[in-house]
Amino acid sequence: MNPAMNSALNSGMAPVATPFFFYLLAGLAVASGLAVITRRNAVHSALALIVTLLAVTGLYLMLYAPFVAAVQIFVYAGGIMLLFLFVIMLVNIERSSKERQFNRMWPVGLAAACALLALFVSAFAKGKALFPDRMMSLPESSNTQQIATMLYGEAGKMGQYTFAFEIASLLLLVAILGAVIMTKKKI
Amino acid sequence: MPNFIMSYLGSRVTPGEAGNQFWALMYVLIIFAGVSVAVIAMNWIERKALAHFQVRLGPMRVGPHGLLQPFADALKLMLKEDIIPAEADQFVFWVAPLIGLLTAFTVYTVIPFGPSQAVSDMNIGILFMLGVSSLGVLGIVVAGWASNSHYPLIGALRSSAQMVSYEVAMGLAVVSAILMTSMNEKGTGTLSMIGIVQAQQQQGVWFIFKFFPLGLLAFVIFAIAMIAETNRAPFDLAEAESELTAGYHTEYSGLRWSLFMLAEYAAMIAVSSIAVTLWLGGWMRPFPNLLKAPAWEFIFSLFPGFTFFGLAAIAFLGVARMPAHSFFKIQRIGLAVFAALLGFFALLLLVIAVAGRSADTSLAARFNEGIDYVYWFVLKVAVFMYLFIWYRATWPRYRFDQLMKIGWKVMLPISLGVLMVTAIVGVIVS
């Protein structure tokens, strides 16, 4: 092994062109996010939403959170968006895209958007107090393991979030059963 | 030569880990070319093998034994008119085949052809592979919708329902294999594709034989689910030609249609590599721990060369059996040249094997090692690819309700059971 390689390894895989990829992914996410709400055709909106989700996946990867990125692909881009498309395709898009929207929800939407913006601005302003002042330097290779330790705990000991995790899974189970009972008349 | 090109050659990590962009790009190009060649070869083998299963000859006219048929087909597909139906959604129709192709080729970044013969070793390798390959169904669904026609839409809906259903059983089977990776002193498993193979090496057993018959059961579930995932016979309901003309790609023609085919075959190779990595020891040769004397090492490193000698011998047999009519003269010369090339390649491999043995630390030894790893990996994947053809020739297509019944009422309970029992046995053993 020569010195150049050694230094590359010791620095712990120096990230490549970080600002460029950040702005690329962030710009992609924002642009496709705008496309989601401006397209009249619901399938186009759904496809744009998939692009948004994938761009956010890239951002997770840049934050050294590979497990979250994988789950994002799996659950949102792969699972939920597929079901979205599945349902949208059964709707008559030709007609629904020409129909005038009959609900008047934009004041509520505007208020919600403003509230979210205020939250972001305040988080940005008070960032130093809210977040640790530097990035946690977790080695990428043990990221998934760290999540597992938090959720399930070490041998013989309950993890930090074990209870919340189990409750969430119970909630999901209830939702699944509810969906089955509501759609199937005879089981 | 610049330092960044040479410096990587001595290292024992993937270019992704070493942060070497040049070699990462090289590996991507090599894999892209290799997969494309494999798809071409698979196309020919599938047509020939299916024909022989049905007591036909198959392609015989273009080149000796139809060897040049795939190239003729490719030329035809490129020259064919590319029709976009007037009522179709132009943009989505255009982008659909690309989605399938992109997802099928993206997963190759983490496939481990050897301990350092991969583009990158991700910490979440297997999750990444399953996640991205599950995105491939989007291409099919969107293609079916954009065609604005009934058969493609039905095909697309069928395919999405089928893939969502079989993904569940597939994921559970994969989890039970991942559980087995944690059977070491530290008690922590891994999701990295390279790590999974190394775990099998450490424990001295392929996961298909681990906790017999649990590993075997999980493997069988995966092997069934992966056929459904790639929409191949007997689960090819998305393109059931007797009911849906051609299913989701009915309205596609020419180059765009061939992109769908390329994506399908690339996805088949990708899922086969997952199966090989998780259960069949990935790049490892048979008995790497038991027969690890240098002599055995040498004998096994001769395999690639002798395989190509075998292929060359078959090709020469073809030359000898060619009819003596003057009409076959050009074909005979062509096949003889092809056989000679195969033989030359075999000789080259043997020379590398011998050189790698005599000089232990040199680049030749490293190169020889790499050839061995890639050879065993590709051999195992090739077995799966042949099985895909065999299944297609043997089993009749399932009805859609039967397909759903198998997915939800047979495969899912069995895979859940296997997962639980694996966990219990693992806890007891450790």
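Side notes on the structure shown:
- Test result for B:Gly114, more than 10 Å from chain A (Cβ to nearest Cβ), within 25 Å of B:Ala223 (Cβ to Cβ) and in a loop (DSSP other than H, G, I, E, B): yes
- Selection within segment B:178-204 - in a helix (DSSP H, G or I) and of a type in the set (S, T, N, Q): B:Gln198, B:Gln200, B:Gln201, B:Gln202, B:Gln203
- Looking only at residues in segment B:123-146 that are under 20 Å from the mean Cα position of the chain (by Cα) and polar (S, T, N, Q), the one that is farthest from B:Leu101 (Cα to Cα) is B:Ser134.
- Screening A:Gly33, A:Gly109, A:Gly27 for residues that are assigned to a helix (DSSP H, G or I), touching a helix residue (DSSP H, G or I) at 6+ places or on another chain (Cβ under 8 Å) and not assigned by TED's automatic domain parsing to the domain that holds A:Leu172 leaves exactly one candidate, A:Gly33.
- For segment B:388-404, the condition of being surrounded by fewer than 18 Cβ atoms within 10 Å (Cβ to Cβ), within 23 Å of the chain's Cα centre (by Cα), among the aromatic types (Phe, Trp, Tyr) and in a loop (DSSP other than H, G, I, E, B) holds for at least one residue.
- Test: residue in segment B:370-385 that is crowded, with 16+ Cβ neighbours inside 10 Å, of a type in the set (D, E, K, R) and under 23 Å from B:Thr307 (Cβ atoms): yes
Yes/no per residue for (1) over 27 Å from B:Ser253 (Cα atoms); (2) hydroxyl-bearing (Ser, Thr, Tyr); (3) within 14 Å of chain A (Cβ to nearest Cβ); (4) more than 26 Å from the chain's Cα centre (by Cα):
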| position | (1), (2), (3), (4) |
| --- | --- |
| B:Ser7 | yes, yes, yes, yes |
| B:Pro15 | yes, no, yes, no |
| B:Val28 | yes, no, no, no |
| B:Glu46 | no, no, no, no |
| B:Leu68 | no, no, no, no |
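- Residue in segment B:202-238 that is farthest from the chain's Cα centre (by Cα), counting only those that are of a type in the set (Phe, Trp, Tyr) and modelled with pLDDT of 90 or more: B:Phe219
- Answer from B:Leu138, B:Leu130 - the residue that is out of contact with any Leu (no Cβ under 9 Å at 6 or more places or on another chain) and within 12 Å of chain A (Cβ to nearest Cβ): B:Leu130
- Matching entry among B:Phe235, B:Phe306, B:Phe212, B:Phe207 (being surrounded by fewer than 18 Cβ atoms within 10 Å (Cβ to Cβ), out of contact with any Pro (no Cβ under 7 Å at 6 or more places or on another chain) and not in a helix (DSSP H, G or I)): B:Phe212
- Failed condition for B:Asp73, given (1) over 30 Å from B:Leu335 (Cβ atoms); (2) acidic (Asp, Glu); (3) away from every other protein chain (no Cβ under 11 Å): (1)
- Residue in segment B:95-104 that is over 26 Å from the mean Cα position of the chain (by Cα), surrounded by fewer than 19 Cβ atoms within 10 Å (Cβ to Cβ) and either away from chain A (no Cβ under 14 Å) or part of a helix (DSSP H, G or I) (or both) present: no
- Remark: B:Lys186 falls outside the filter, which requires a residue to be of a type in the set (Lys, Arg), more than 22 Å from A:Gly153 (Cα to Cα) and modelled with pLDDT under 85.
The values are calculated or read from the model by the stated rules, or taken from the named source; none is laboratory data. All figures in this text were calculated on a predicted structure; none of them were measured in a lab. Cβ sites come from the backbone with ideal geometry, for glycine too, and all protein chains shown count toward neighbours.
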